[in-house]
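The block underneath contains the structure these notes are about, expressed in structure tokens.
Just so it is clear, none of the values below were taken in a lab; they were calculated from the coordinates. These numbers were taken from a predicted model, which means no experiment stands behind them. Here the Cβ positions follow ideal geometry from the backbone for every residue, glycine too, while neighbour counts run over all protein chains shown.
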Amino acid sequence: MSYIKVVLKSGKDQSLRRFHPWVFSGAIKKMYGEPAEGDIVSVFDNKNEFLGLGHYQIGSIAVRIVSFTEVEVNDQFWEDKIRKAYQLRVDQGLVDDETTNAYRLVHAEGDNMPGLIIDMYDDTAVVQMHSVGMFLIKDTIDEILKKIFGDQLKAIYNKSESTIPYKAKVNPENGYTFGKSETRIALENGLKFRVDWEKGQKTGFFVDQRDNRALLEKYSKGKSVLNMFCYTGGFSFYAMRGGAKLVHSVDSSERAIELTKENVELNYPGDERHDAFAVDAFKYLDDIKDQYDLIILDPPAFAKHNNVLNNALQGYKRLNAKAFEQIKPGGIIFTFSCSQVVSKDAFRKTVFSAAAKSGRNVRILNQLTQPADHPVNIYHPEGEYLKGLVLYVE
Ligand code: SAH
């Protein structure tokens, strides 16, 4: 099989030589033919040395590399990759675990498959493509999943409608591509939660906070807990199991508050320690005084692009400053950023300046990140998107 050849400008081969998987459109000198979006192309430096094979797409990232060696990109190629990703989760103890059946099977660049996310919720796989190339091989991916999981897999739901560029004209529609699943209750560390992959954000649940929720549980005993940006209430029901004396969940979305209430009810029916409010976080934090001794701040990505980075950092600063100013002495803050464009350093500096503004003595107790089923490709540091700090505020 020969692929259309893409030649890079002089000096633009450096990042690929360091195994970074993206080719920006500005790095391309010449293409020998007109690849269609989603085609595999073969990338060379300007001295005609092979660099890699990847999916072509119109946009700022023109090629997403899927192999740094010259191979045939066929069904077997994809099966080998997905099997490797599966084996990694087996090795992490996530497959056939009796207390956790929600995990990420494929984490895009982190599993050397740029553009592909697959989350498992019990017997259902939720597949989300972020590149045209991955979307075009969706049937192959479905067949591979059926082969790997056999009877254990009851349904595959494809959720790529809003993640593929609309100009690509491949018309992705959300829906089942195999079976239909009735199971909507998944398990995480023995706690139950309802997943709504059809209407919910992302693939339905934020599986990336699993380890951090487990840590929060340990800090919760006897505490008054405020879970800001609660979405489906993940942190809230862990705090309750940890023995919190009161848990308040806040999200601006009414639907999120409903889901949180439902999930708390699933785990702790009739428990009066919990209450939930649909209000804006910034407004809510204006006047909480010192009623809480544990606050979780897990906002949505304030910055999706580099050009709004400064505004995003101001947002994080304002948010954290409000918590620092009011939390009870001896209180604990779990603060996060899930923006890929906000580096670990930038996040820490922002939280630092928010702390300084309050004038309080603040210490870092834990430094948090994403769990092992969201691996970071060492050559693609942008993949480390989730950053968190556990802070002790005197
Ligand atoms: N902590 C959650 C995930 C948070 S996702 C978990 O563990 O699953 C971010 C949430 O922030 C979304 O549910 C969104 O509705 C909410 N949100 C966005 N802007 C907000 C605002 N200004 N005030 C309150 N909530 C907001």
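Modelled spin labels at Asp96 and Lys344, positioned 7 Å past Cα toward Cβ, are 3.4 nm from each other.
Maximal additional length on extending the Lys289-Lys261 stretch stands at 7.6 nm, based on 0.36 nm per residue less the C-alpha distance. Spatial offset of segment 12-71 relative to segment 327-343 amounts to 38 Å, using the alpha carbon center of each.
With one equal scatterer per alpha carbon and no solvent term, the Debye-computed log10 I(q)/I(0) for segment 1-133 at 0.10, 0.12, 0.14 1/Å reads -0.37, -0.51, -0.66.
From the P(r) of segment 124-216, could you give the percentage of C-alpha pairs in the tail past 16 Å? The calculated P(r) of segment 124-216 puts 60 percent of pairs beyond 16 Å. Residues Asp286, Asp298 in ascending order of nearby Cβ atoms (within 10 Å, fewest first): Asp286, Asp298. FRET efficiency for the pair Val71 and Lys169, taken as 1/(1 + (r/R0)^6) with r the Cβ-Cβ distance and R0 = 30 Å, rounds to 0.55. Per the Kirkwood formula applied to alpha carbons, segment 259-313 shows a radius of gyration over Rh ratio, Rg over Rh, of 1.09. Sorted on the mean count of surrounding Cβ atoms within 10 Å across their residues, most packed first, peptides 346-352, 361-367, 125-131 read 125-131, 346-352, 361-367.
Charging the Cβ of each Asp and Glu at -1 and of each Lys and Arg at +1, and nothing else, the dipole of the chain about its Cα centre rounds to 1440 debye. Counted over the chain with a bin width of 10 Å, the fraction of Cα pairs per bin, in whole percents, is 5, 21, 29, 24, 14, 6, 1.
Helix-only arithmetic for the chain: the sum of -39500 (n - 2.57) across DSSP H runs with n ≥ 4, divided by the residue total, places the mean residue ellipticity at 222 nm at -8000 deg cm²/dmol.
Summary of packing: across the peptides 40-49, 147-156, the per-residue average of other C-beta atoms within 10 Å ranks them, highest first, as 40-49, 147-156.
Applying a DSSP loop filter and a limit of 16 other Cβ atoms within 10 Å to the GluC sites (Glu not before Pro) in segment 222-283 leaves Glu272. Hull volume per residue, based on the alpha-carbon atoms of segment 68-152 and their convex hull, is 93 Å³.
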